[in-house]
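Worksheet for the structure shown next.
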Amino acid sequence: MLIHVDDLVPNMRLEHDIELSAGSFLITLKELPEGKLTEEVIGSIRRFASQLTPEQYKVKVVGDELVLEHLKEVLENDVKAIIKMIESGTDYPNFLSDNVLREKVERVMEKLVSNPDIIGNMYQFKLNTKSGVHQGNYLPDHCIRVTLLAIAVGLKLRWSIISLVNVGMAAILHDLGILETEVYPNFRKLDDFSPGELEAFIEEHQECSEKIFSAQKLTILPHTRNEIKHMLANHHRPDLGTSVQKTTLLLYLAELVDEMLAPMPHKIRYNFTQVQRQKLGKRFENRVGLMSLLLGLVKLFRGEGILWEMVQAIAQTFSMQELLVENYEEKLKKSSISALSNVPCPTRRPAGAPFPARFTVRTAARKNSPASMSARPG
Ligand SMILES: [Fe+2]
Ligand SMILES: [Fe+2]
């Protein structure tokens, strides 16, 4: 199993001799009793990490219990860091402010990250994206946030643990296929794509994710395998008709919410179809704030069966259920106008005098309005 030098710990067993790009060996299996790494050897591997071959910063170790346990810990720490970031509410709207919900989400996540197949896939995904240096870990982080959000919304919808684990598994793996596309790792290319090219990119990476997953020998039931394949192959463009699986719809919405809210290396957002964008407006081709996004989803899916139930659950998860009121925007406008019309018109303000009450009222109204709760604009 390929592993990053930062993740090596003593007693992991090397699979091969370690070779340097200059042609010499850094360490051979013969030199290590049972091939087991020591602190000292790990130190020298890290010192020469940039000269390792065939891949810089990576070595092959035997995928035994110790490796699995350690990688599980690495991934659990990644999940914890993302939960902490969400809870801080500074870079992302906090959908885990309800402690009871957060604990339940954490428990489902723990179950997922205990699955050896998930550990292997998540870790390799993280490892492969590490080479996209300036892009950071944006793809694995996005996949973890989508998983947390899908589970949180699924819990609001009172789904069974089986459905939550299935949607979680697909959410973790949904963008594996992006690494196989021509765009990777230069995501900024997407900004120059025509609508047709963007659709081809969507189609291609959905298909790749499904193929990578299908090629693996996983210990899951055939029915579950098919359900996950369906989610992966349709995570951006599901058939919104009634026959579609509910887990695919939830992954679609959780993925869409995250891509519309989070910063990404590319400006363009391709979550909405051309028909949906015509209904919502051109600004939905780019990142928008939480309030705009939720109002957009309400506009698209109000009264649309299970999709509408999911949109309501998403709004509740973000504590923004007031947006679900019919004609919310018009009602908000009317209430602001009537609040202002009750304030007497001020006479000319003498130099140095405080601002008249009208300005104070407007500022206070804006501070308390749900608009101020939206995420930072993109
Ligand atoms: Fe995605
Ligand atoms: Fe995707």
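Rule-based calculations on the coordinates, nothing more; no lab input. All of these numbers come straight from a predicted model, not from anything done at the bench. Neighbour counts are summed over all protein chains in view; Cβ atoms, including those assigned to glycine, are modelled from backbone coordinates with ideal geometry.
Is region 169-320 rounded, prolate or oblate when judged by the Cα gyration tensor, a ≥ b ≥ c being the square roots of its eigenvalues, rounded requiring a/c under 1.5 and prolate requiring a/b larger than b/c? In terms of gyration-tensor shape, oblate.
Between N286 and R269, the built amide H atoms are under 5 Å apart, and every one of these is 5 or more places off in sequence or on another chain.
Greater than 24 Å separation of Cα atoms is the criterion. Which listed pairs, K282/K333; K211/K246; K246/K267; K58/K126; K126/K217; K30/K60, meet it? K246/K267, as the Cα separations exceed 24 Å there.
Here V325, V244, V153 are placed in order of increasing Cβ neighbour count within 10 Å, fewest first, which gives V325, V244, V153. Backbone N atoms of region 84-112 closer than 19 Å to the 7 Å Cα→Cβ label point of N77 belong to residues 84-86, 110.
Taking the C-alpha atoms only, the angle from helix 305-317 to the longest principal axis of the chain is near 90 degrees. Between G63, G177, G23, the Gaussian network model of the chain with springs among Cα atoms under 10 angstrom shows the greatest mean-square fluctuation at G23. Sorting H205, H16, H266 by the number of Cβ atoms found within 10 Å of their own Cβ, with the fewest placed first, yields H16, H266, H205. Helix 357-368 and the long axis of the chain differ in direction by around 30°, with both axes built from C-alpha atoms. Given Cα pairs under 8 Å that are at least 6 residues apart, what percent is the relative contact order of region 195-261? That works out to 29 percent. Just to be sure I understand: with springs between alpha-carbon atoms less than 10 Å apart, which residue in A22, A200, A171 has the highest mean-square fluctuation in the Gaussian network model of the chain? Result: A22 has the largest fluctuation of those listed. Adding -39500 (n - 2.57) for every DSSP H run of four residues or longer, then dividing by how many residues the chain holds, sets the calculated 222 nm ellipticity at -17000 deg cm²/dmol. Look at V167, V113 and count the other Cβ atoms within 10 Å of each Cβ; fewest to most, that gives V113, V167. Karplus-derived 3J(HN,Hα) values for region 48-61, using 6.51 cos²θ - 1.76 cosθ + 1.60 with θ = phi - 60°, are 9, 3, 6, 9, 5, 9, x, 10, 4, 6, 10, 9, 9, 10 Hz; glycine and proline are entered as x.
Shape class of region 246-304 from the Cα gyration tensor (axes a ≥ b ≥ c, square roots of the eigenvalues): oblate, since a/c reaches 1.5 or more and a/b does not exceed b/c.
Karplus-based coupling profile of region 167-181, in residue order and whole Hz: 5, x, 4, 5, 5, 5, 9, 4, 10, 3, x, 4, 5, 8, 8, with θ = phi - 60° in 6.51 cos²θ - 1.76 cosθ + 1.60 and x standing for Gly or Pro. Against the main long axis of the alpha-carbon atoms of the chain, helix 138-156 sits at an angle near 60°. Couplings for region 184-195, taken from phi via the Karplus curve 6.51 cos²θ - 1.76 cosθ + 1.60 with θ = phi - 60°, read 5, x, 8, 5, 5, 4, 4, 5, 9, 6, 7, x Hz in order; Gly and Pro are left as x.
The relative contact order of region 96-189 comes to 33 percent, based on Cα pairs under 8 Å that sit 6 or more residues apart. When only Cα pairs below 8 angstrom with a gap of at least 6 residues are kept, the chain shows a relative contact order of 13 percent. A cut-off of 5 Å between modelled amide H atoms, ignoring neighbours fewer than 5 places along the same chain, links I27 with I18.
Does region 65-323 classify as rounded, prolate or oblate by the C-alpha gyration tensor (a ≥ b ≥ c root eigenvalues; a/c under 1.5 gives rounded; else a/b over b/c gives prolate, otherwise oblate)? Because its axes are fairly even, with a/c under 1.5, region 65-323 counts as rounded.
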